[in-house]
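Here the structure comes first, spelled out in structure tokens, and everything after it is commentary.
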Amino acid sequence: MLLSRVSKLLSPVLSRSNHTITLFPGDGIGPQISESVKEIFSAAEVPVEWEEHEVYPILEKNGKTRIPQPAIDSIFKNKIGLKGPMRTAIGKGHVSLNLTIRRTFGLYANVRPAKTVPGVKTPYSEEGVDCIIVRENTEGEYSGIEHTVVPGVVQSVKLITREASRNVAEYAFKYAIDNGRSNVVALHKANIMKMSDGTFLEECRNVAEKYPQIKYREMYLDSGCLKIVKDPSQFDVMVMPNLYGDILSDLTAGLIGGLGLAPSGNMGKDGIAIYEAVHGTADDLTAMNKGNPTALLMSGLMMLRHLELKSHADKIENAVLETLKERKFVTGDIGGTATNPQYTAEICRKIRASS
């Protein structure tokens, strides 16, 4: 199965027959694709209940941004969430809601699988792509520490800590063990940022010593980008600081057909996990009802396998892959002309026909 090797995420699984999932629909096409996921889960008779919350920025007196308390309480209660894309102003305004959510729930590791999707043609379709990016999710250049030194000069601080570096490295190696992966490569620029990326590498090396059965390598970020475009088969699990992971995970999404197909999971402490579509809000598609729900749906399948609902995930995935392969009802971003409701309805039809 497409996501079967990315199913064993490490947070403790909720042990109950009916799971309550916190849903943040998001902005733009977010509500539209969230409804698609709910419809498809219903067609597959997935034993979940949805607890839906609107998320928006609240600016406190101390200048910090938070999200509404009911949304926070819901995640801490349910320990599991699904999140649509959220709008963030560029160059001004509040701190990114994505960043705020990661900090609020301690989501220290972002897991981004990139695997060739049957029926979606790319230059890599024949040889195939099958790699995992594990991205540190809380600090680095995305720490949000910026200030004006003097007019015309702005300073942005890159924050790297041993604890966060060690946590994400541990996750990457444990993930490799649990999912039958054979090697981990750490991507960095420690030749230039000797203290910050150097600290990250030191912690990766320390963790690697505990896992002699996993082959460990190190690679410059720029060199890694070149090599993965030339031959993706060189890579298995990759671990890296925040900004690098953001860039490289979008690159690997391009190798399989685009962000509309790329799932993602955010793993936190205390058993919290939030799965999300990593594409933007695509506001131009909202009124046309042409949003592609595949990325959010595939993220939902990662979530179901995390909850040990593998048979339901497999049933949905089979219907999705068959629909994509037939190409009769696919959306514009992957070369089709179908609307969101048409694509969703076809997946639901295939699920019901297989029951």
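The values are calculated or read from the model by the stated rules, or taken from the named source; none is laboratory data. The structure displayed is predicted, hence computed values, not measured ones. Virtual Cβ from ideal backbone geometry, glycine too; neighbours counted across all protein chains shown. These accessible areas exclude ligands, DNA and RNA; they are computed on the full protein's heavy atoms, side chains included. Shrake-Rupley method; radii C 1.70, N 1.55, O 1.52, S 1.80 Å.
Taken over the range 228-239, the criterion of being open to solvent by 10 Å² or more (accessible area, probe 1.4 Å) and either touching a strand residue (DSSP E or B) at 6+ places or on another chain (Cβ under 6 Å) or not in a helix (DSSP H, G or I) (or both) is satisfied by ASP231, ASP236.
Condition check: at pLDDT 95 or above and either on the phi < 0 side of the Ramachandran plot or of a type outside the set (Phe, Trp, Tyr) (or both). Does LEU301 satisfy that?
For LEU301, the condition - at pLDDT 95 or above and either on the phi < 0 side of the Ramachandran plot or of a type outside the set (Phe, Trp, Tyr) (or both) - is met.
Scan the range 103-123 for residues that are open to solvent by 30 Å² or more (accessible area, probe 1.4 Å), under 29 Å from SER196 (Cα atoms) and charged (D, E, K, R) and jot them down. Once the filter is applied, which keeps residues that are open to solvent by 30 Å² or more (accessible area, probe 1.4 Å), under 29 Å from SER196 (Cα atoms) and charged (D, E, K, R), the range 103-123 yields only ARG103. Taken together, the residues in the range 179-201 that are exposed (fewer than 14 other Cβ atoms within 10 Å of the Cβ) and either outside any loop (DSSP other than H, G, I, E, B) or polar (S, T, N, Q) (or both) amount to 2.
Cβ-Cβ contacts under 6 Å between residues 6 or more apart (or on different chains), taken from a first residue in the range 321-332 that is in a loop (DSSP other than H, G, I, E, B) to a second residue that is open to solvent by 50 Å² or more (accessible area, probe 1.4 Å), are listed as PHE329/GLN342; THR331/LYS290. For the range 244-259, a residue qualifies if it is more than 16 Å from THR294 (Cα to Cα) and among the small types (Gly, Ala, Ser), and the qualifying residues are GLY245, SER249. Please go through the range 309-355 and pick out each residue that is open to solvent by 20 Å² or more (accessible area, probe 1.4 Å), polar (S, T, N, Q) and closer than 17 Å to SER299 by Cα. Residues satisfying the conditions are SER311, ASN318.
Just one of VAL278, VAL229, VAL207 is within 17 Å of ARG181 (Cβ to Cβ) and among the aliphatic types (A, V, I, L, M); which is it?
Residue meeting the stated conditions: VAL207.
With respect to being in a helix (DSSP H, G or I) and either touching a helix residue (DSSP H, G or I) at 6+ places or on another chain (Cβ under 6 Å) or under 25 Å from PHE105 (Cβ atoms) (or both), MET267 falls outside the description. Restricting ARG112, ARG5 to those that are within 25 Å of VAL320 (Cα to Cα), modelled with pLDDT of 95 or more and of a type outside the set (A, V, I, L, M, F, W, C) reduces the list to ARG112. Assessment of the range 42-53 against the conditions (at pLDDT 90 or above, part of a strand (DSSP E or B) and either within 27 Å of ILE177 (Cα to Cα) or open to solvent by less than 40 Å² (accessible area, probe 1.4 Å) (or both)) yields at least one matching residue. In the set (1) farther than 20 Å from THR337 by Cα; (2) in contact with a Ser or Thr (Cβ under 6 Å, 6 or more places away or on another chain); (3) open to solvent by less than 10 Å² (accessible area, probe 1.4 Å), the condition left unmet by VAL278 is number (3). For the range 240-264, taking the residues that are within 14 Å of the chain's Cα centre (by Cα) and not in a helix (DSSP H, G or I), the one that is farthest from ASN137 (Cα to Cα) is identified as GLY258. Remark: pairs (first residue in the range 280-305, closer than 10 Å to ILE33 by Cβ and among the small types (Gly, Ala, Ser); second residue outside any helix (DSSP H, G or I) and open to solvent by 10 Å² or more (accessible area, probe 1.4 Å); Cβ separation under 7 Å; 6+ apart in sequence or on different chains) = ALA282/GLY28; GLY291/ALA282; ALA295/VAL278; ALA295/HIS279.
Starting from residues that are in contact (Cβ under 8 Å) with a residue 60 or more places away in the chain and open to solvent by 10 Å² or more (accessible area, probe 1.4 Å), keep the ones in the range 124-134 and report whichever is farthest from the chain's Cα centre (by Cα). Per the criteria, the residue is GLU127. Of all residues in the range 244-266, those that are within 22 Å of ASP222 (Cβ to Cβ) and of a type in the set (A, V, I, L, M, F, W, C) have Cβ atoms under 7 Å from Cβ atoms of residues that are assigned to a strand (DSSP E or B) and open to solvent by 20 Å² or more (accessible area, probe 1.4 Å), 6 or more apart or on another chain, in ILE256/LYS115. Just one of the listed residues (SER34, SER15) is at pLDDT 90 or above and either among the polar types (S, T, N, Q) or part of a helix (DSSP H, G or I) (or both), namely SER34. Of the residues examined, GLU141 is not one that is of a type in the set (Asp, Glu) and at pLDDT 95 or above.
Among GLY81, GLY93, GLY63, GLY26, which is at pLDDT below 95 and either touching a Phe, Trp or Tyr at 6+ places or on another chain (Cβ under 8 Å) or buried (at least 21 other Cβ atoms within 10 Å of the Cβ) (or both)?
Among GLY81, GLY93, GLY63, GLY26, only GLY26 is at pLDDT below 95 and either touching a Phe, Trp or Tyr at 6+ places or on another chain (Cβ under 8 Å) or buried (at least 21 other Cβ atoms within 10 Å of the Cβ) (or both).
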